[in-house]
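The values are calculated or read from the model by the stated rules, or taken from the named source; none is laboratory data. Source: prediction; values computed, not measured. No Cβ is skipped: glycine too gets one built from the backbone with ideal geometry, and neighbour counts run over all protein chains shown.
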Amino acid sequence: MGLTTFQVIAAYILLCAIFMYIVIMGPSKFHRDGCVGKMHTWLMRCPNLFGTCLCFLACCCRLNKAQRSWKQFEDRVMNKRHPGMVIFYVVVIGAAEYFYLFFAVPKLLSVERRVFAWLLIIASEVTFVIACVSNPGIVTPEHKKADQAFAFEEVEAKFQSALDAKTRRKLRSQFLLSPEAELRQARRYVVDNILYAIAAQQRQQGPPNEKPIPPPHGTLCTSCESARPSRSKHCRLCGHCVRRFDHHCPWINNDVAENNHRYFLLFLFSHVVSCYWAAFDCYTILMHMVSGQKLLSAMFVNGAGKRVRATATHIALYLMNQETSVCCVLLFTVLIGTLLLGFWGYQMRMVLNNVTSNDLNKIDDVIEFLQRQPTAVDVQREAMQLATYMLQWTARKITIPPLHDTTASRGVEACSSQDSDTHHWE
């Protein structure tokens, strides 16, 4: 294998890592206004343009039909929950695990390390499945409150038929908590009236003229019309409100929130450990090959036909030629493990500070709102300008020119309309 092939493989893996970093971290507050954020915006526009062109060719050069077809496809992919990224994960990670388990692990000399490698991969995939199927902490909507109460109702066995017991067990599997436990859990989240405020009223079934009562905690969701606690959010992809919402992860096709945040962190940590352990195994195999064949003291024939002592580049190219799959697994696991370790550290930092990604987004919104507010100097300047115009208008010394859309202009227009009405009646 020549130098060109080695560079192509290394560049391909590096580009994949850069692409994943831009897609994941591009919308964050650290990069949204920088080069990474601009590249993320450009990448998000490319599929729209490319998909429209494909639909344009498939629809026999009918632009309107092509745009409608692509919009429908984009709506199904971007605005609805689907297992596309899960399938992509299974294909990419499954391929890497296949080459590791069936091409690298058999070359290990220690039986214990072979067994541990299999157990580590199985454990990481088990955590992935748990993160995918676990309940994130769904807030029970209003139309399911009756089923929830029936499922957790305490009834003596002699007064309960077998059908009712089976129905209760089936319904109970759909809910994470009982009504009382869910209410206690919801009251743990404090309404601070800044980031999370009682901005809506809970609808109450009754006469139309009866006033709604405020919810005991949080606010009323405008999408599913359910009373949700503070720090919760309605996921538009999953279609329900979730307590202590962090983010929707497309890799597990599930929300990361109150109940499954620990499973998500365990999923990330297990993959970090498995990636670095696989990289260590591949490194051990390559170093055993270097020491076994005495490559550090070997002589190679260069392009001119001269015998030269092996350098690090010669040894790397030789290893890539002899153990291509092992070298590729080594590069892949180091890059992916580093990315996952950075994301796991970022998540752990937020957990230790008791904040979520949703909290940070709301904090950014509040900061942006406060930054748009006028300062004391702006207010004073507006007040002085308004006072000057009012005095000049009262003295009839000037004709007021049209002003911009400012506080002074609105005040003068109001006074002008009142004065014209007074002269009309006189």
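General remarks:
- Subset of segment 239-264 [outside any loop (DSSP other than H, G, I, E, B), touching a residue at least 24 places away in the same chain (Cβ under 8 Å) and over 11 Å from the mean Cα position of the chain (by Cα)]: 240, 241, 242, 261, 263, 264
- Residue, nearest to residue 17 (Cα to Cα), within segment 283-324, restricted to residues that are modelled with pLDDT under 90 and of a type in the set (Ser, Thr, Tyr): 324
- Restricting segment 62-108 to residues that are of a type in the set (Asp, Glu) and either over 19 Å from the mean Cα position of the chain (by Cα) or surrounded by 13 or more Cβ atoms within 10 Å (Cβ to Cβ) (or both), the residue that is modelled with the lowest pLDDT: 74
- Within segment 10-36, the set of residues being surrounded by 15 or more Cβ atoms within 10 Å (Cβ to Cβ) and among the charged types (D, E, K, R) comprises 32 only.
Per-residue answers, yes or no, for (1) free of Cβ contacts under 8 Å to residues at least 60 places away in the same chain; (2) part of a helix (DSSP H, G or I); (3) in the same structural domain as residue 96 (by TED's automatic domain parsing):
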| residue | (1), (2), (3) |
| --- | --- |
| 317 | no, yes, yes |
| 328 | no, yes, yes |
| 336 | no, yes, yes |
| 339 | no, yes, yes |
| 346 | yes, yes, yes |
| 354 | yes, no, yes |
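- Some residue of segment 278-286 being closer than 21 Å to residue 346 by Cβ and either part of a loop (DSSP other than H, G, I, E, B) or without any contact (Cβ under 8 Å) to a residue 12 or more places away in the chain (or both): no
- In the condition set (1) modelled with pLDDT of 75 or more; (2) closer than 28 Å to residue 358 by Cβ; (3) of a type in the set (S, T, N, Q), residue 167 is compliant with all but (2).
- Residue 322 vs. criteria closer than 30 Å to residue 297 by Cβ and either surrounded by fewer than 17 Cβ atoms within 10 Å (Cβ to Cβ) or among the hydroxyl-bearing types (Ser, Thr, Tyr) (or both): yes
- Pairs meeting the criteria (first residue in segment 121-134 and under 23 Å from residue 238 (Cα atoms), second residue crowded, with 16+ Cβ neighbours inside 10 Å and of a type in the set (Phe, Trp, Tyr), beta carbons under 6 Å, at least 6 apart or on different chains) are 127/267; 128/267; 130/263; 131/263; 131/264; 131/267; 134/263.
- Some residue of segment 195-206 being in a loop (DSSP other than H, G, I, E, B), surrounded by 17 or more Cβ atoms within 10 Å (Cβ to Cβ) and modelled with pLDDT of 70 or more: yes
- Qualifying residue in segment 265-273 (condition: small (Gly, Ala, Ser), in a helix (DSSP H, G or I) and without any contact (Cβ under 8 Å) to a residue 60 or more places away in the chain): no
- Exactly one residue out of 306, 362 is touching a residue at least 24 places away in the same chain (Cβ under 8 Å), surrounded by fewer than 18 Cβ atoms within 10 Å (Cβ to Cβ) and basic (Lys, Arg), and it is 362.
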